[in-house]
1. Please give the helix 161-173 orientation as an angle from the longest Cα principal axis of the chain, in degrees from 0 to 90, rounded to the nearest 10.
2. Would you mind ranking 47, 233 so that the residue whose beta carbon has the fewest other beta carbons within 10 Å leads the list?
3. When you count, for each residue, the other Cβ atoms within 10 Å and take the mean per peptide, how do 240-251, 28-39 rank with the highest first?
4. Write down the percent of antiparallel bridges among all DSSP beta bridges whose residues are both part of the stretch 5-181, to the nearest 5.
5. Given the options 107, 140, 224, which has the most mean-square fluctuation in a GNM of the chain, springs set between C-alpha atoms less than 10 angstrom apart?
6. Using only the alpha-carbon atoms, how far is helix 189-205 inclined from the longest principal axis of the chain? Give it as 0 to 90 degrees, nearest 10.
7. What do you get for the angle between helix 211-221 and the principal long axis of the chain? Use alpha-carbon atoms, 0 to 90 degrees, nearest ten.
8. What number, rounded to the nearest 500 deg cm²/dmol, is the helix-based mean residue ellipticity at 222 nm of the chain, given -39500 (n - 2.57) per DSSP H run of at least four residues and division by all its residues?
């Protein structure tokens, strides 16, 4: 299965990173979003990020120019339909993802492979709402996409071998490493990572440690590059909460119960870096703990 063109649905933090790596790898990319300013911002971010790679000698100026020329943007979802492969990278809400795939169906080529960058939602369930569950997979990138080497590949119950093999080859061409995960809530990375973050929030909630002491303890005591609360802010507290809810609902185990403090931050709209406030306040020159 020869994949040359890729549609990316969603121009946010994950979507622009996905467009970046595919364009650099030689694929023609169509990036779509419902927000025109998000599309413009995504192109600016991709340009800056590839320029950073040029300055470090990792990418040539010619390769950068070629990659940028391969990316087109559109606000019309149907425009991505004729591509060989589509990656949905919209917000982590199942109803939103289902609506996107349903709207795409009339515009797809017979061979188009559908994938979702979901970090936790059932691939089998998403696939069942389409006309091609055998050509549907989870294709989960880590954030930030251009830097992180892993792609989780999640096979739904109906995914055929040809699709599976094609996605492995795409990951190889991207210069990344594929990890095969079974289709259970949150797959591998977030099944392990999110309960750790949730437990760090409980540690804060119960007064065992402050934001600063919790993050410092994990950075210096467990050699983590970022503390769990700092990492939660980077990921987005709304995304963390959504994944914990998927784990709690899907596995029916109380150990996955989201911390009430995490819920409270999300209710306040303090979602982390993207809203300038989360467990840290980012509105000044240096981040300041909010608790």
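1. 70 degrees
2. On the way: 47 15, 233 29.
Ascending number of Cβ neighbours within 10 Å: 47, 233.
3. On the way: 240-251: 20.4, 28-39: 18.5.
In decreasing order of mean packing, 240-251, 28-39 become 240-251, 28-39.
4. Details: 5 of 30 bridges.
Of all bridge pairs located within the stretch 5-181, approximately 15 percent are antiparallel.
5. 224
6. Helix 189-205 sits at roughly 30 degrees to that axis.
7. Once rounded, one gets 70 degrees.
8. Values: 11 runs with 130 residues, N = 291.
The helix contribution divided over the chain gives -14000 deg cm²/dmol.
Only the coordinates and a few stated rules stand behind these numbers; no lab work does. In this text, all values refer to a predicted model and were calculated from it rather than measured experimentally. Methodologically, a virtual Cβ is constructed for each residue, glycine included, from the backbone with ideal geometry; neighbour enumeration extends over all protein chains shown.
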